[in-house]
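Structure record follows, encoded as structure tokens.
The values are calculated or read from the model by the stated rules, or taken from the named source; none is laboratory data. Computed from a prediction, not measured in an experiment: that's the story for all the values here. Cβ: placed from backbone, ideal geometry, glycine included. Neighbour counts: every protein chain shown.
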């Protein structure tokens, strides 16, 4: 991860940047219960059109500045440039860094990277969609995009280096019909309109045999996939796991408005390096295809993530419950708390929403208003219920 180590400096340098530089928008220091002085801070950045936070860790001989992981941008080069910008503007004495941008590496096709909020009002320009969940190396995703230029291919992957590698390949291969999203697919599917996809591919997902609740395939996922598939569309699962295969058989057999078929050791047009290895090991590979047969209604999305009622005092917000708040279908957990330095306000790291696919946000409170930073949560009904629960604790 890009970071810099700098010699200790007067923190007033950062306060001056907050006041005078539009790229640095706040400084907040962690609130701790211990008698030891606080040594962690957050810096809010609005840099090159993106909002995110940097962490400052004060240590004895050198201070570490790095991206805050829940808000970090997709493009690692943007993080590197923001760290270099901060060091230059603050005249910091950099002792070590790994923020050099290699001119020989292919650039990311950033215009084909999408954020989750971009799907609140999807504009595919009339093209049908094909969706790949967990594309890994991207071989299948890139192959399908080359083979079907008339289709908009949406690749969803939570592993950031895989996303960055595929964005480089999009640039190198000159493709224009791929969008890449670094997010949880189970949440993104909820954002899509009904009947817009010809295919949903889930190839070789992690089996999670010891934690089956973390599996991508579930009754809820299948329900969402069938909703976004147009009649005749297909949800295709490929797996080398015998347990996952038998589990998926049960899940795929439950919907009454669809049918499915199974093949074993089907010769795919394009294979990943892992599939090549499994074939050499003579492992069985199962392909399950669930066919959508009916048109689905559009979902109702009446979701509002504003905090419209009066808020509790800043001191009270710093004392929010530490234990996880559990409700029937969601949870809320208030994590690290920070007090703003250059203005009256607080920041609270929080996770909330679904038990198996939680949201992670900063709750930013200042000038009598509250918002989620760097952007609102996914507009799912589960997140809406969690937001209502958060409101119970932050409103007067």
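Restricting to the stretch 267-282, and then to whatever is in contact with a helix residue (DSSP H, G or I) (Cβ under 9 Å, 6 or more places away or on another chain) and in a loop (DSSP other than H, G, I, E, B), can you tell me which residue is surrounded by the fewest Cβ atoms within 10 Å (Cβ to Cβ)?
Per the criteria, the residue is 269.
Residues are listed down the side, and each one gets a yes or a no for (1) touching a strand residue (DSSP E or B) at 6+ places or on another chain (Cβ under 6 Å); (2) crowded, with 22+ Cβ neighbours inside 10 Å; (3) not in a loop (DSSP other than H, G, I, E, B):
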| position | (1), (2), (3) |
| --- | --- |
| 346 | yes, yes, yes |
| 351 | yes, no, yes |
| 361 | yes, yes, yes |
| 371 | yes, no, yes |
| 379 | no, no, no |
| 391 | no, no, yes |
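Looking only at residues in the stretch 217-242 that are surrounded by fewer than 19 Cβ atoms within 10 Å (Cβ to Cβ) and closer than 17 Å to residue 285 by Cβ, which one is modelled with the highest pLDDT?
Within the stretch 217-242, the first condition is being surrounded by fewer than 19 Cβ atoms within 10 Å (Cβ to Cβ), and the residues that meet it are 218-220, 223, 230-232, 236, 240, 242.
With closer than 17 Å to residue 285 by Cβ added as a condition, the list becomes 236, 240, 242.
On the way: 236: 97, 240: 91, 242: 92.
Filtering the stretch 217-242 for residues that are surrounded by fewer than 19 Cβ atoms within 10 Å (Cβ to Cβ) and closer than 17 Å to residue 285 by Cβ, the one modelled with the highest pLDDT comes out as 236.
Output yes when any residue across the stretch 111-129 is in contact with a helix residue (DSSP H, G or I) (Cβ under 8 Å, 6 or more places away or on another chain), on the phi > 0 side of the Ramachandran plot and buried (at least 16 other Cβ atoms within 10 Å of the Cβ), and no when none is.
Scanning the stretch 111-129, I find no residue that is in contact with a helix residue (DSSP H, G or I) (Cβ under 8 Å, 6 or more places away or on another chain), on the phi > 0 side of the Ramachandran plot and buried (at least 16 other Cβ atoms within 10 Å of the Cβ), so the answer is no.
Residue 351 versus (1) touching a residue at least 24 places away in the same chain (Cβ under 8 Å); (2) under 23 Å from the mean Cα position of the chain (by Cα); (3) within 25 Å of residue 39 (Cα to Cα): which is the lone unmet condition?
Evaluating residue 351 over (1) touching a residue at least 24 places away in the same chain (Cβ under 8 Å); (2) under 23 Å from the mean Cα position of the chain (by Cα); (3) within 25 Å of residue 39 (Cα to Cα) leaves (1) as the failure.
Is there any pair with a first residue in the stretch 288-305 that is modelled with pLDDT under 90 and a second that is surrounded by 15 or more Cβ atoms within 10 Å (Cβ to Cβ) whose Cβ atoms are under 6 Å apart and which are 6 or more apart or on different chains, and what are they?
298/194; 301/379; 303/379; 303/384
How many of the residues in the stretch 307-323 are free of Cβ contacts under 8 Å to residues at least 24 places away in the same chain and surrounded by 12 or more Cβ atoms within 10 Å (Cβ to Cβ)?
Start the filter on the stretch 307-323 by keeping residues that are free of Cβ contacts under 8 Å to residues at least 24 places away in the same chain, which leaves 308, 313, 315-316, 319, 322-323.
The next check asks that each one be surrounded by 12 or more Cβ atoms within 10 Å (Cβ to Cβ); those that pass are 316, 319.
Selection size over the stretch 307-323: 2.
When the residues of the stretch 245-266 are filtered to those that are in a loop (DSSP other than H, G, I, E, B) and at pLDDT 80 or above, which remaining residue is surrounded by the most Cβ atoms within 10 Å (Cβ to Cβ)?
Here is the first cut: in the stretch 245-266, the residues in a loop (DSSP other than H, G, I, E, B) are 253-257, 265-266.
This time we only want the ones that are at pLDDT 80 or above, so: 253-256, 265-266.
Details: 253: 12, 254: 10, 255: 19, 256: 8, 265: 11, 266: 11.
By that ranking, first place goes to 255.
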